[in-house]
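Visitor: Starting off with a structure, shown below.
The values are calculated or read from the model by the stated rules, or taken from the named source; none is laboratory data. Bear in mind that the values here come from a model prediction, so they are computed numbers and not experimental data.
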């Protein structure tokens, strides 16, 4: 699967495994880009929709929670893409491996996580989904 290039964020959400509840983690109209170069270096930034950022009123903690950004080397094996994180907005991600499962349909790339715990769903596991459209 060739993911080299630049991709524009289309959607980012979690789905609770028990209930099927969905939460758009960055709002209905998030902003972001994902870029993978031929050497395997990935960098991404995702932010909440402009309405949420405007309402943050400069609160650093709230602004921090309205974004995701990290970089690292990616290894791809079939549909499994593993980012070996060496820089991130959240220091807890540095040194981790972020595993995503990819599917490509034309110019649309869909990534999903394995089930994980998230504070928004304290009694359930969620699967994260991020969808990207390839830049021309």
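Visitor: Checking the structure you have, find out if any residue of the stretch 98-111 is modelled with pLDDT under 90 and assigned to a strand (DSSP E or B).
Guide: For the stretch 98-111, residues modelled with pLDDT under 90 and assigned to a strand (DSSP E or B): absent.
Visitor: Now a separate question. Please pick out the residue among 12, 28 that is within 15 Å of the chain's Cα centre (by Cα) and part of a loop (DSSP other than H, G, I, E, B).
Guide: Being within 15 Å of the chain's Cα centre (by Cα) and part of a loop (DSSP other than H, G, I, E, B) holds for just one of 12, 28, which is 28.
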